[in-house]
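Written below as structure tokens is the structure these notes are about.
Derivation of every value follows stated rules applied to the coordinates shown; laboratory data play no part. These numbers were taken from a predicted model, which means no experiment stands behind them. With ideal geometry, Cβ positions are generated from the backbone for all residues, glycine too; neighbour counts draw on all protein chains shown.
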Amino acid sequence: MKNVIKTIKKSLIIATMFASILGNATDVSLITIKEDVKKTALTINNVKKGNLLSIKDSNGIILYKELIKTTGTYKKGFDLAVLPDGSYSFVINKDLEINTIPFSVNSSKVLFNKEKETTIHKPYLKQENGIIYITKFAPNLKPLNITIYKKFNGDFELLHSEKVKDIQVIQKAYKLEKGNYKIVLNSDNNEYTEFINN
């Protein structure tokens, strides 16, 4: 009976977490370009202190980055028309998601393509009583590669590897013996690494 209650509690926690993710899936709320001014006004709701805002070019080179300093709503004007002609994107890196807002500059005119905005949901890893819980929301059924390494004699050696695919809500749990581990999660062309001292 105790195991059933624990399982129900964990399921409720995971359901709450994913409801929160879905509720914040549209955090990039407003991008406006006013014709009478040169600046583009960017407003992002529900940011947290420590979130990272960057502007990248089409090669992924970071042209600008800023650590968000206050929790709440972020507002700032950018003079994007000074950029050379080409393709760019705003990238907002939050705790559980990465929002990408593409735009292009052509003859000092800035154009945003609303249809190409994307939200990537990051995997979430939690350690509790020697068990590693990995969860990820994958609305487009993108795979998650999970690789677990354990440290032996100063070097990390492969302990387990698997590819989880065709699942919208990925939930995995791994029991780890005492030791030092490196967990590598690959999804949506991004890699996330966590070190666990168990």
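Candidates in the range 108-141 are the residues that are exposed (fewer than 11 other Cβ atoms within 10 Å of the Cβ) and either in contact with a helix residue (DSSP H, G or I) (Cβ under 9 Å, 6 or more places away or on another chain) or charged (D, E, K, R) (or both); of these, the one that is farthest from residue 43 (Cα to Cα) is 128.
Of all residues in the range 150-160, at least one satisfies being among the basic types (Lys, Arg), under 21 Å from residue 193 (Cα atoms) and out of contact with any helix residue (DSSP H, G or I) (no Cβ under 8 Å at 6 or more places or on another chain). Just one of (1) at positive phi; (2) free of Cβ contacts under 8 Å to residues at least 60 places away in the same chain; (3) surrounded by 11 or more Cβ atoms within 10 Å (Cβ to Cβ); (4) small (Gly, Ala, Ser) trips up residue 60, so point out which. All conditions are met except number (3).
Of the strands (runs of 3 or more DSSP E) lying entirely inside the range 89-178, the ones with 2 or more residues being among the acidic types (Asp, Glu) are found at 155-164. For the range 125-135, the criterion of a residue being under 20 Å from the mean Cα position of the chain (by Cα), within 30 Å of residue 58 (Cβ to Cβ) and not aromatic (Phe, Trp, Tyr) is satisfied by no position.
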